[in-house]
1. Given H placed on each backbone N at 1.01 Å, which residues far from G168 in sequence or on other chains put an amide H within less than 5 Å of it?
2. For segment 205-247, take every pair of Cα atoms, bin their distances at 5 Å starting from 0, and report each bin as a whole percent.
3. Short version: ³J(HN,Hα) in whole Hz for each residue of segment 105-113, in order, from phi by Karplus 6.51 cos²θ - 1.76 cosθ + 1.60 (θ = phi - 60°), x for Gly and Pro, what are they?
4. Please turn the phi angles of segment 197-209 into ³J(HN,Hα) values with the Karplus equation 6.51 cos²θ - 1.76 cosθ + 1.60 (θ = phi - 60°), one per residue in order, whole Hz, x for glycine and proline.
5. Take each of the peptides 159-171, 35-47, 216-228, average the number of other beta-carbon atoms within 10 Å over its residues, and list them starting from the highest.
6. How large is ³J(HN,Hα) for each residue in segment 131-141, as worked out from phi by the Karplus curve 6.51 cos²θ - 1.76 cosθ + 1.60 (θ = phi - 60°), to whole Hz, x for Gly and Pro?
7. Amide H of H146 versus every other amide H placed in the peptide plane: which residues, excluding those fewer than 5 positions away on the same chain, fall under 5 Å?
Amino acid sequence: MPTGIPAASSSTPATDTTSAADLELQFTPSLHPHLLVHGTPSPSPYDAHQQGPCFLRLDLAIPDALFPDPDELADLWGAPDIDHGDLVYTDAPLAGPSSSRLSWTLSPRVIDIERPLLPDSPLVNLTVVVPLDRDDKAVDVDIPLHIRYLPPSPEAGWDVPVFGQGGGNVRRVWVCGHSAFEGVQDVQDISANMTLHLPAAKPSYQVPVEIATATVVWLGWTFLVYMLIRVARRSSAAKSKAKETKSK
């Protein structure tokens, strides 16, 4: 059983939704789950900060069973805003269909998207800052994630603690003013407890899969060698025929 993942037969049901007074989180069940964030500030941060601009800042610590793809985030939101490791807001529009002014940063900056789940791997930290217009009553953020290859499970899946005890955490703060992006200290933990059921292979499938894989590989190599020999023979026959034609 992988570190940080409870037994699949646990009596505690997987919970893919959690909420605080001003924030709701929900996972879409999929091999490529999306974390949907719905924020409803009450009262509006503009009530206390008339000048603005105001934003929702999300700090996500994501366990190793899930990971964001930096290239995918860059396609959606534009390049990460990094200046000496600090998040910096820019008024310049960013490329991407989902948001024209969203800012984000990721640590570590490089994510190995091919490797399987590793025990005791560090959390991935994703910070997302979404602008809040003065008339906005809510803010919505769609964060695409991906599942790593998990160890086999007799139940064909694991209940993975994503946020809360045994997993990562979610912190948020409604901030105003450009200076709020550097060194914000009052980011509040919403104490989210979310467990996601992630698919995994059954141990009983291991031997049949290994046999089938080896069979397909050997058949492929056999067919490739056969075709190479056949092409070589045809080429040799064509050359011989050409020589005979010239000699006549």
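Bear in mind these aren't lab numbers, they're just calculated from the coordinates by the rules spelled out. Quick caveat: nothing in here was measured; it's all calculated off a predicted structure. For neighbour counting, all protein chains shown are included, and Cβ atoms are generated from backbone atoms with ideal geometry for every residue, glycine included.
1. Answer set, sorted by chain and number: F163.
2. 5, 21, 12, 13, 10, 8, 10, 6, 6, 4, 3, 2, 1
3. Running phi through 6.51 cos²θ - 1.76 cosθ + 1.60 with θ = phi - 60° gives 8, 9, 9, x, 6, 9, 10, 7, 8 Hz.
4. These are the phi-based 3J(HN,Hα) values: 7, 10, x, 8, 6, 7, x, 5, 7, 4, 5, x, 5 Hz.
5. Highest to lowest by the protection proxy: 159-171, 35-47, 216-228.
6. x, 10, 6, 4, 8, 6, 9, 8, 10, 10, 10
7. It is F67, by chain and number.
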